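**Student:** My structure is below; once you've seen it, I'll send some questions.
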Amino acid sequence: MTTLVTGSAGFIGFHTAVRLLNDGHAVVGFDNHNPYYDPALKDARVRILKQFPGYTHIVGDLADKAALDAVFAAHKPERVIHLAAQAGVRYSVENPEVYVSSNLVGFANMLECCRAAKVEHLVYASTSSVFGANALMPFTESQGAAHQMSLYAATKKSNEVMAHSYSHLFGLPTTGLRFFTVYGPWGRPDMALFKFTKAILAGEPIDVFNRGQMTRDFTYVDDIVEGIVRIAAKPAEADPAWRADVANPDPSASGIAPYRIFNIGGGAPVPLMDYIHTLENCLGRNAELNLLPMQPGDVPATAADTSALKAAVGYAPSTPVSVGVARFVEWYRDYFGV
């Protein structure tokens, strides 16, 4: 089984590729190594991946259709786990054009390649941010998600809509996974845990938005990867129970296309201040808090209902925040020698 993992030099992509390689799969990694954060971290992840004989790494851009065509022609992947994207809610406010190129043009190119290659399953990263202004929690996939609060979220919602059209028109099985605040070793430097750890160890204040009145469904990366691997092995199918003749047809499934959307989260939302206190305990240091107002495009709380994914593949996240944060701190100290 050959699986194409895009974003393989990134946080979740790296962990997913390692898991597949350990499971005996051949993995083709595709990543553009962009400078959104320090490429040295991406390079370090790829050095680990290249130690596996079943791994092939390709540097390329999703917006370059010819480069993607060449990957599919040369390696003929049977499954695609598409995790490459321009991430970040706040960055999208200042750099919208990057999101259009990577998340819209790049996703359209990926759909076209998967259609032409007749891949057995395309699994792609969506985000909990698509729920936007929704306030009814926990978020369920059957809820509408029509009021995104950032361009990043809007591009990911667009991916879901685009995927359904290809699933319907061409019979391409697609599954979108709405990630909820993933954290863990080898994480992204722009994410809260990484930034907090760096600042606390340097004796600098940490920026805490909405004055700490936030809650997140933090999800440890190994739990995320377990869900990705399980769902990738189960191609989406049309749902015979789906109804189009009702006021609000379920947006997470389809009766006319092999299409699914799932939440994938930790299932145990944690107040941000509790998360910070856990980190302080792991570091043995107290944080100096710089309390700030809510950032544009952000939301005060997220909470995932993951019962649909559990029913589909037995998804059951098992890593408490206390354990996950401790593992991140151990990795951070080792990687940076602090």
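**Student:** For Leu193, work out the one condition from (1) surrounded by fewer than 21 Cβ atoms within 10 Å (Cβ to Cβ); (2) in a helix (DSSP H, G or I); (3) of a type outside the set (Asp, Glu) it doesn't fulfil.
**Tutor:** Just one mismatch for Leu193, condition (1).
**Student:** Residue under question is Val71, and the condition is that it be on the phi < 0 side of the Ramachandran plot and more than 21 Å from the chain's Cα centre (by Cα); does it hold? Show your work before the answer.
**Tutor:** Working: on the phi < 0 side of the Ramachandran plot: yes; more than 21 Å from the chain's Cα centre (by Cα): yes.
Considered against the rule, which asks whether it is on the phi < 0 side of the Ramachandran plot and more than 21 Å from the chain's Cα centre (by Cα), Val71 comes out as yes.
**Student:** Within region 104-125, identify whether any single residue is modelled with pLDDT under 95 and either aliphatic (A, V, I, L, M) or part of a helix (DSSP H, G or I) (or both), and answer yes or no.
**Tutor:** The answer is no, given that none of the residues of region 104-125 is modelled with pLDDT under 95 and either aliphatic (A, V, I, L, M) or part of a helix (DSSP H, G or I) (or both).
**Student:** Take the residues of region 202-220 that are assigned to a loop (DSSP other than H, G, I, E, B) and crowded, with 19+ Cβ neighbours inside 10 Å: which is farthest from the chain's Cα centre (by Cα)? Let's see the steps before the verdict.
**Tutor:** At the first step, the residues of region 202-220 found to be assigned to a loop (DSSP other than H, G, I, E, B) are 202-205, 213-214, 217-218.
Next cut, crowded, with 19+ Cβ neighbours inside 10 Å only: 214, 217-218.
On the way: Met214: 20, Asp217: 13, Phe218: 12 Å.
The extreme case among them is Met214.
**Student:** Moving to a separate point now. Suppose we keep only residues that are outside any loop (DSSP other than H, G, I, E, B) and modelled with pLDDT under 95 within region 41-95. Which one would you say is most open to solvent (accessible area, probe 1.4 Å)?
**Tutor:** The qualifying residue most open to solvent (accessible area, probe 1.4 Å) is Glu94.
**Student:** Please specify each residue of region 167-176 satisfying the condition of being part of a helix (DSSP H, G or I) and buried (at least 22 other Cβ atoms within 10 Å of the Cβ).
**Tutor:** Correct list: Ser167 only.
Quick grid of which residues meet (1) buried (at least 23 other Cβ atoms within 10 Å of the Cβ); (2) within 20 Å of the chain's Cα centre (by Cα); (3) under 17 Å from Phe11 (Cα atoms):
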{"site": "Ser165", "(1), (2), (3)": "no, no, no"}
{"site": "Arg178", "(1), (2), (3)": "yes, yes, yes"}
{"site": "Pro189", "(1), (2), (3)": "no, yes, yes"}
{"site": "Ile200", "(1), (2), (3)": "no, no, no"}
{"site": "Val229", "(1), (2), (3)": "no, yes, yes"}
{"site": "Lys234", "(1), (2), (3)": "no, yes, no"}
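**Student:** Report the residue count in region 151-163 for those that are out of contact with any strand residue (DSSP E or B) (no Cβ under 7 Å at 6 or more places or on another chain), open to solvent by less than 30 Å² (accessible area, probe 1.4 Å) and either without any contact (Cβ under 8 Å) to a residue 24 or more places away in the chain or of a type in the set (A, V, I, L, M) (or both).
**Tutor:** 0
**Student:** Being acidic (Asp, Glu), in contact with a Ser or Thr (Cβ under 6 Å, 6 or more places away or on another chain), within 24 Å of Tyr332 (Cβ to Cβ) and open to solvent by 10 Å² or more (accessible area, probe 1.4 Å): is that true of Asp223 here?
**Tutor:** yes
**Student:** For region 108-135, give me the residue count where each residue is under 25 Å from Ala304 (Cα atoms) and either small (Gly, Ala, Ser) or touching a Leu at 6+ places or on another chain (Cβ under 8 Å) (or both).
**Tutor:** Total meeting the criteria: 10.
**Student:** Does any residue in region 95-111 that is more than 26 Å from Pro77 (Cα to Cα) come within less than 7 Å, Cβ to Cβ, of a residue that is assigned to a helix (DSSP H, G or I) six or more places away or on a different chain, and which pairs are these?
**Tutor:** If the second residue must be assigned to a helix (DSSP H, G or I), the pairs left are Pro96/Leu151.
**Student:** Out of Gly7, Gly29, report the one residue that is touching a helix residue (DSSP H, G or I) at 6+ places or on another chain (Cβ under 7 Å), closer than 14 Å to Leu83 by Cβ, free of Cβ contacts under 8 Å to residues at least 40 places away in the same chain and among the small types (Gly, Ala, Ser).
**Tutor:** On the way: Gly7 fails: free of Cβ contacts under 8 Å to residues at least 40 places away in the same chain.
On inspection, the qualifying residue turns out to be Gly29.
**Student:** Which members of region 1-17 meet the condition of being farther than 15 Å from Ala125 by Cβ and part of a strand (DSSP E or B)? Break it down stepwise before answering.
**Tutor:** From region 1-17, those farther than 15 Å from Ala125 by Cβ are 1-2; that's our starting set.
Matches in region 1-17: Thr2 only.
**Student:** Would you call Ala268 at negative phi, at pLDDT below 95 and among the hydrophobic types (A, V, I, L, M, F, W, C)?
**Tutor:** yes
**Student:** Considering each residue of region 277-315, count those that are touching a helix residue (DSSP H, G or I) at 6+ places or on another chain (Cβ under 6 Å), of a type in the set (A, V, I, L, M) and open to solvent by 50 Å² or more (accessible area, probe 1.4 Å), and give that number.
**Tutor:** 2
**Student:** Leu20 passes all but one of (1) of a type outside the set (Lys, Arg); (2) part of a strand (DSSP E or B); (3) in contact (Cβ under 8 Å) with a residue 40 or more places away in the chain; which number fails?
**Tutor:** Status for Leu20: all satisfied but (2).
**Student:** Any chance you could count how many residues in region 314-329 are over 19 Å from the mean Cα position of the chain (by Cα), over 21 Å from Pro271 (Cβ atoms) and free of Cβ contacts under 8 Å to residues at least 60 places away in the same chain?
**Tutor:** Of the residues in region 314-329, 0 are over 19 Å from the mean Cα position of the chain (by Cα), over 21 Å from Pro271 (Cβ atoms) and free of Cβ contacts under 8 Å to residues at least 60 places away in the same chain.
The values are calculated or read from the model by the stated rules, or taken from the named source; none is laboratory data. Every value quoted in this text rests on a predicted model; they were computed, and no experiment measured them. When we count neighbours, we look across all protein chains shown, and the Cβ atoms used for this are built from the backbone with ideal geometry, even at glycine. Note: accessible area is taken over every heavy atom of the protein model, side chains too, but ligands, DNA and RNA are not part of it. Shrake-Rupley method; radii C 1.70, N 1.55, O 1.52, S 1.80 Å.
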